[in-house]
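*Asks:* For reference, the structure I am asking about is given below.
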Amino acid sequence: MSNIGWKRYPQDVVGQLFLAVENNDVINSETAELPLIQLGTSQQNIQNFYALCLQFWSDGFTREELLSLINILLAGKELTTEQHKRYKYIRARYKHLRFAQRLYSQKHDTDKIFKATTVYLGHLQDGFKNADKKSINYYGRVLRLLLSRPAWNWVKRSLENLQVDNQVGFEYYVSHQIKQLTLLLDKPNLTGTQFHDMRKIVSQQVSFFDTWRSIENNPPEVYAISRFLANINGLMGQKHDEMVADKLSGTREYETPTPLDSHIRECLEQLVGKIVRVS
């Protein structure tokens, strides 16, 4: 399918997505009754959803702005409250577009440089949140290389030339993700990697419903699913932050098998129970 000339959305739609992404890991109890969840979507939606995610990333910041924040950290300084917020929002745009590439592309994978940048932005954030100078220096220097102009131009071309999957391929991919989530739920204990893999599946689905509700101006059922997923994402994010902090402090190894929090398990089981399987 030709992707020359991606659709452009008005700023109110982009603004809706910004608000959704800003709250995509906020613990809440907005959804009293979770609607049934249909995994599939139309071919046009696949195309349009990626277009909005690409616009959300490309219009949200500049390469120079992100490099300036990284250079402040490498100079041994702390980010101001406003700079910290900007870093958080830029990283959120990377994460949202990475989820979009995994959801909508034919390969259901991310450009390697873009993937590495997204991952290392997270590691750098963990570093400065936990005052880990070694992590800040290492990941900051790697990110400067990944954000060099040649790498930046490569990434932009890759993102703009992405080939989206068809409806059948999309449904197969999402069904497989839910199957993996169910298999992980069946385990009595999870390693750090398994827990993180489970959260990535949830986060991808949050991004899907956040994009959908932004384009269609918050249909009630789509909004309810989005907020329910955001609650799980927030609970799992909070737990993962604790796991990373324990790893950095030497309190507990990240890969130590641990029972899944009972409240998180309950929410995930409710989610899986509402999914309408694609035939």
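*Asks:* Among the lysines in region 32-125, how many pairs, 8 or more places apart or on different chains, have alpha carbons under 20 Å apart?
*Replies:* 8
*Asks:* Below 8 Å between Cα atoms, with a sequence gap of 6+, how large is the relative contact order for the chain in percent?
*Replies:* 34
*Asks:* Report, to the nearest whole %, how much of the accessible area of region 52-103 belongs to carbon and sulfur atoms, 1.4 Å probe, protein only.
*Replies:* 49
*Asks:* A follow-up question, please. Excluding ligands and nucleic acids, what accessible area in Å² is computed for Glu269 using a 1.4 Å probe, to the nearest 10?
*Replies:* 100
*Asks:* So who's got an amide H within less than 5 Å of the one on Leu190, skipping anything under 5 residues away but keeping other chains? H placed 1.01 Å off N, in plane.
*Replies:* Thr258, Leu260
*Asks:* Between Lys88 and Thr256, what is the FRET efficiency for a Förster distance of 25 Å, r being their Cβ-Cβ separation, to the nearest 0.05?
*Replies:* Using R0 = 25 Å, I get an efficiency of 0.30.
*Asks:* Measure off, as a whole percent, the carbon and sulfur share of the 1.4 Å-probe accessible area of region 161-277, all protein chains present.
*Replies:* Ligands and nucleic acids excluded, carbon and sulfur reach 51 percent.
*Asks:* If you rank Lys95, Lys134 by how much accessible surface each has, with a 1.4 Å probe, what is the order from largest down?
*Replies:* So, going from the largest accessible area down, we get Lys134, Lys95.
*Asks:* From largest to smallest, what semi-axes in whole angstrom does the chain give when each is the square root of 5 times an eigenvalue of its alpha carbon gyration tensor?
*Replies:* Values: eigenvalues 160, 130, 58 Å².
Semi-axes from the Cα gyration tensor: 28, 26, 17 Å.
*Asks:* Another question, if that's okay. Just read off the accessible area of Ser42 with the full protein assembly in place, 1.4 Å probe, to the nearest 10 Å².
*Replies:* Accessible area, nearest 10 Å²: 50 Å².
*Asks:* Accessible area per residue of region 44-158 at 1.4 Å probe, in Å²?
*Replies:* Working: 5520 Å² over 115 residues.
Result: 48 Å² of accessible area for each residue.
*Asks:* In nm, what is the difference between 0.36 nm times the number of residues separating Glu64 and Asp109 and their Cα-Cα distance?
*Replies:* Using 0.36 nm per residue and subtracting the Cα-Cα distance, I get 13.6 nm.
*Asks:* Does a label point 7 Å from the Cα of Arg8, set along Cα-to-beta-carbon, have any residues of region 42-70 with amide nitrogen under 18 Å, and which are they?
*Replies:* Correct set: 48-62.
*Asks:* By accessible area of protein heavy atoms, probe 1.4 Å, what ranking do Glu242, Glu253 get, highest first?
*Replies:* Glu253, Glu242
*Asks:* Excluding ligands and nucleic acids, what accessible area in Å² is computed for Arg98 using a 1.4 Å probe, to the nearest 10?
*Replies:* Ignoring ligands and nucleic acids, Arg98 comes out at about 40 Å².
*Asks:* Right, next: Show Trp154, Trp6 ordered by accessible area, largest first, where the area counts protein heavy atoms only and the probe is 1.4 Å. Mind dumping the intermediate values first?
*Replies:* Details: Trp154 135, Trp6 40 Å².
Sorted by accessible area, descending: Trp154, Trp6.
*Asks:* Ok, one more. With a/c under 1.5 counting as rounded, go ahead and sort region 1-69 into rounded, prolate or oblate using the C-alpha gyration tensor (a ≥ b ≥ c being the square roots of the eigenvalues; past the cut-off, prolate if a/b is larger than b/c, else oblate).
*Replies:* Oblate shape, in that a/c is at least 1.5 and b/c is the bigger or equal ratio.
The values are calculated or read from the model by the stated rules, or taken from the named source; none is laboratory data. This structure is a prediction, so every number in the text was calculated from the model and none was measured. Virtual Cβ from ideal backbone geometry, glycine too; neighbours counted across all protein chains shown. SASA here: full protein model, heavy atoms, side chains in, ligands and nucleic acids out. Shrake-Rupley method; radii C 1.70, N 1.55, O 1.52, S 1.80 Å.
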